[in-house]
1. Please tell me which of these pairs span more than 31 angstrom C-alpha to C-alpha: K120/K204; K19/K204; K19/K95?
2. May I ask you to evaluate 6.51 cos²θ - 1.76 cosθ + 1.60, the Karplus curve with θ = phi - 60°, for each residue of the range 11-17 and list the ³J(HN,Hα) values in order in whole Hz, giving x for glycine and proline?
3. Under the rule of at least 5 residues apart or a separate chain, name every residue whose amide H is placed under 5 Å from the amide H of V30.
4. For the chain, can you list the cysteines whose C-beta has no other cysteine C-beta under 4.7 Å from it?
5. Which one of Q179, Q216, Q147 has the biggest mean-square fluctuation once the chain is modelled by GNM with Cα springs under 10 Å?
6. Going by how many other beta carbons lie within 10 Å of each one, how would you line up E174, E259, fewest first?
7. Report Rg/Rh for the chain, rounded to two decimals, where Rg is the Cα radius of gyration and Rh the Kirkwood radius.
8. At a 10 Å Cβ-Cβ cut-off, how would you order H6, H67, fewest neighbours first?
Amino acid sequence: MFLRNHWYVAAFDHEIGRKPFARTILGEPVVFYRTEQGAAVAMEDRCAHRHLPLSMGKLVGDELQCHYHGVRFGSDGRCTRIPGQEQIPRSAKVKTYPLAERYRWLWIWMGDPALADPAKITDFHWLDDPQHWGAKASYLHVEANWQLVVDNLLDLTHLAFVHDTTIGNLALAEHAKVQVTRAPSNVVVTRWIIDREPPPTFQKVGGFAGHVDRWQIIDFVPPAFLRLDVGATPTGTGAPEGRRVGGIGMRNLNAITPETETTSHYFWGQAHDFDVKNPETTNRIFEQIRTAFHEDVAVFSAQQRNMETLPGAPQFDIAADAGTIAARRILSRLYDEEQGARPVAAAE
């Protein structure tokens, strides 16, 4: 199940240059490059002549030349040259995709181009605000369906068991006060862990001497964006009432882009609002989170393998799944709405 009329992260801005760059998005092969003026281009990674991936070709000026027979395509997807032939068939063109650059990411719109409004791109400003946030981002390729990644980030009780050497401890699962707030196109899961020992990563970067009041506020926006407000302050200093002093605050930022039904592109970043000018602090936090995320990837991959080996095997829900269930309902509704609108759009 893919939602197409949404913006997705396709690549880091620095990944796209004058060499054709291939990536599969929502099951479609796409080739990216930049024009001589630096504008990013995305088009179907398939020569309209004999289907060779255009990413195997090269740029000639701002035109992409197929490696097989030298057929060239302009940045609008139309064929501009066929060696040894003056007449160019009207059908000699490939699909192109709207792009936008924001927060050091390149965003792509895979649905109806007429609906591609950059103002609707989900806010990830923490990744590109060096005056107020130290931040670092990365990419993981995941051998699992994108919704498994979303599920994982909406239920953080797993931190107590999967990440007990970094960002988790048992208090997350057994002593958290949880609230799930639902909206038509948004789910927020708020967790508070009061007067408990901080997990290893928080001890390392926060220097806490005793117990802390810890928060995790997970903001889900369809189709697969999760922005986590996490942190801790010494117990009793007023964090639950909104007074965050003497502790640490961070944003864990996640953008999941489906590659296929069983693989995903996972763009993520970590930002912090303390010691923001110190790259050593940024790197130390980033490495702790990266360790945890590699542990997550192992979980996703194992889940996917079992789902493929045992299709339709029963499962059950627990209380911690409330946010995940709410998000899945939103995604199912949006998918049904999008599918229902397609015949109308086609008729127009």
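Each value in this text was obtained by applying a stated rule to the coordinates, not by laboratory testing. What you see is a predicted model; the values in this text were computed from it and never measured. Please note: Cβ atoms are built from the backbone with ideal geometry, for glycine as well, and neighbour counts cover all protein chains shown.
1. Over 31 Å apart, Cα to Cα: K120/K204; K19/K204.
2. Per residue, the Karplus-derived 3J(HN,Hα) values read 5, 6, 4, 6, 6, 9, x Hz.
3. R23, T24, I25, D45
4. C79
5. Q179
6. E174, E259
7. With Rg and the Kirkwood Rh in hand, the quotient comes to 1.03.
8. Starting with the residue having the fewest Cβ neighbours, the order is H67, H6.
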